[in-house]
Structure formats: C-alpha cells, structure tokens
1. Any chance the range 127-140 includes a residue that's surrounded by 18 or more Cβ atoms within 10 Å (Cβ to Cβ) and within 15 Å of residue 11 (Cα to Cα)?
2. Take the conditions crowded, with 20+ Cβ neighbours inside 10 Å, among the β-branched types (Val, Ile, Thr) and within 12 Å of the chain's Cα centre (by Cα) and apply them to residue 111. Does it pass?
3. Hey, residue 49 hits all of (1) over 16 Å from the mean Cα position of the chain (by Cα); (2) farther than 30 Å from residue 129 by Cα; (3) in contact (Cβ under 8 Å) with a residue 60 or more places away in the chain but one; which does it fall short on?
4. For the subset of the range 70-83 comprising residues that are open to solvent by 30 Å² or more (accessible area, probe 1.4 Å) and touching a helix residue (DSSP H, G or I) at 6+ places or on another chain (Cβ under 6 Å), which member is nearest to residue 113 (Cα to Cα)?
5. What about residue 67, is it part of a helix (DSSP H, G or I) and at pLDDT 95 or above?
6. Among the residues of the range 141-183 satisfying the criterion of being among the aromatic types (Phe, Trp, Tyr) and open to solvent by 90 Å² or more (accessible area, probe 1.4 Å), which is farthest from residue 112 (Cα to Cα)?
7. Regarding residue 106, is this residue open to solvent by 50 Å² or more (accessible area, probe 1.4 Å) and either acidic (Asp, Glu) or in contact with a Ser or Thr (Cβ under 6 Å, 6 or more places away or on another chain) (or both)?
8. For residue 78, indicate whether it is among the basic types (Lys, Arg) and at pLDDT below 95.
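The values are calculated or read from the model by the stated rules, or taken from the named source; none is laboratory data. Just so it is clear, the model here is predicted, and its values are computed rather than measured. In this analysis, Cβ positions are derived from the backbone assuming ideal geometry, glycine residues included, and neighbour counts consider all displayed protein chains. We work out accessible area using only protein heavy atoms, side chains counted, and drop any ligands, DNA or RNA first. Shrake-Rupley method; radii C 1.70, N 1.55, O 1.52, S 1.80 Å.
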Amino acid sequence: MNPAGTNLPLANLLALFAGLALAASPHLERLPWWVNGWLALFFSLRIWIATGPRTLPHRAWLVVLAIGGAIGVFLTYRTIFGRDAGVTLLVLLMSLKLLELKVMRDVFVVVYLAYFLALTNFFYSQTMPTAALMLITVLTISASLVSFNDTNRRLAESLRTAGTLLLQASPVMLLLFFLFPRVPGPLW
C-alpha cells in the first residue's frame, strides 16, 4: 500500500502520467499561460504525494479549484463551450482528477479522459506527425491500463500487450477511416 492511502503502484502511476503528458503536450502552446502553470503544478503535486507519506487534498479544496478553473475558463474565453474553451476545461478537470486518484475506478476515469484528450488533438491538426504522436500516446496510456490491471507485470510486458491490442484493432480502425463520413466544414 502506498503511503498516500492508495494501493496504486508508483511505477504504474508514472506510466499513466507519461501518457497524460503526451496527450496534453500538443495543447500547451494553445492553452493560456495560467492553465499550463495549473497543469504543471498539479502533475508535480500528485507525483510528490505519491512518492512520500502524504495524503491527497480534501474534496472541498477540489470543488473550490474546479469552480475556480471553470470561472477562469469563462473569463478567458467568455464561454465554457466551443473547441478552445472545452479543451481547456477538459485539461483543467483532468488535472484535478489526478488529485483524487485513489482506487482503480479513478484510474479508469483518468484513462478515459486521457483517451478523449488525445482525440481532441485532431481538432487542431490532422497531420501524420500528430497521428504518430497520438498513436504513441494511446500505446502508452493502454500500457499503463494493462499494468494497473496486472501489477505483477513489468512495463515492457505491458507495452508489448498494448501494442498487440492496437495491432489487432487496426483493421477496424482502417475500416472506420475509409467508411466514416467526413464533415466538409469545421465542427465548431
């Protein structure tokens, strides 16, 4: 059991954080400066909590921070809807979820948020480098999910399993790529 009162192994948390960092990194140049600071602070704080005998913040603090973040997004974009405001709010709330990451249910929520955050990168760029980075991101996030489900595995084995799963899913991915209708204009 970790000192923070969780049973989540540190190595698996760090692998999950690597996937989250890969998913969020293309957004950093588009996000306001205060959101980048918020993200760096909460990533660092969660890693600091996981490495020592520290407890997670009380839920009341998280509620206050969530409301403050939503207000900050509204003041920055004059809305909380739309592509930029929505992605910013997703990044803020995902970083707050890290501060209540205790049990496997929380891990699943963070993993799904990470997948969704990776998908939002295609709102801004649909180039091959973006696709390659998101493939690496999905591989990393999937490997962390595999390692959380079997804590006796080494990370290399989890990466191999995640890679096998992605290869097995590639025919469906290609089928959806060619058959899924494309919207001629922007979604926003």
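1. yes
2. Judged against the criteria, residue 111 is not a match.
3. (3)
4. Among those that are open to solvent by 30 Å² or more (accessible area, probe 1.4 Å) and touching a helix residue (DSSP H, G or I) at 6+ places or on another chain (Cβ under 6 Å), it is 83.
5. yes
6. 178
7. So residue 106 does not fit the description; no.
8. Working: among the basic types (Lys, Arg): yes; at pLDDT below 95: no.
Taking the combined requirement at face value, the residue does not satisfy it.
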